[in-house]
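The values are calculated or read from the model by the stated rules, or taken from the named source; none is laboratory data. The model shown is predicted, which means the values in this text are computed figures rather than measured ones. With ideal geometry, Cβ positions are generated from the backbone for all residues, glycine too; neighbour counts draw on all protein chains shown. Side chains are part of the model used for accessible areas, which takes the heavy atoms of the whole protein and leaves out ligands, DNA and RNA. Shrake-Rupley method; radii C 1.70, N 1.55, O 1.52, S 1.80 Å.
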Amino acid sequence: MGNHKNNKLWFTSFIGFFYQLGISCNLDKEKAILTVNYKLLKLPTLAANGDSVAHYNLAMYYMNGTPGVQKDKKKAFDLLLTTSKEGNNDARYYLAICYMEGMGTRKDEKKAFNWYFESAYNGCHALAQSRLGYCY
């Protein structure tokens with residue numbers, strides 16, 4: 001598992017997860033945190049270069065907070081808006097939640113409905129479909 005730095009960034013997440021739970025390796029919380037921090041160092045660069053998945057992942061770190069990233073709902077909202085416009089359906093779903101609950105922006109149920117619709121229609125996102133039904 002030592003060569004994860006040469007692989008894609010998403011793979012790094014799995015390595016950290018394995019270390020955290022001791023899957024096919026010794027349980028090592030410190031290595032798990034170091035692996036996540038490695039990923040965090042790369043995300044801003046990738047996001048700045050227009051990587052939609054990096055925008056989304058960085059938004060989730062800001063939304064939830066994690067070691068090395070302080071919660072910032074406004075930054076999370078801004079990143080979700082950017083990647084939603086790029087076509088990321090998971091981001092569209094979470095952007096709708098931001099609008100529905102007023103996280104990082106003012107509450108706007110009409111915009112929430114529109115983003116739930118975008119996510120449900122374009123990506124068949126089951127959670128978005130469910131929330132869309134709730135809106136009716």
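Simple spin-label estimate for SER130 and LYS73 gives 2.2 nm between the two label positions (7 Å along the Cα-to-Cβ direction from each Cα). Label zone (ARG106, point 7 Å along Cα-to-C-beta; backbone nitrogen cut-off 14 Å) within region 76-99: 99.
When the accessible area of region 48-136 is split by element with a 1.4 Å probe, what percent falls to carbon and sulfur?
Details: 2490 of 4970 Å².
Answer for region 48-136 is 50 percent, counting heavy atoms of protein chains only.
Largest first, the residues THR45, THR83, THR105 sort by 1.4 Å accessible area into THR45, THR105, THR83.
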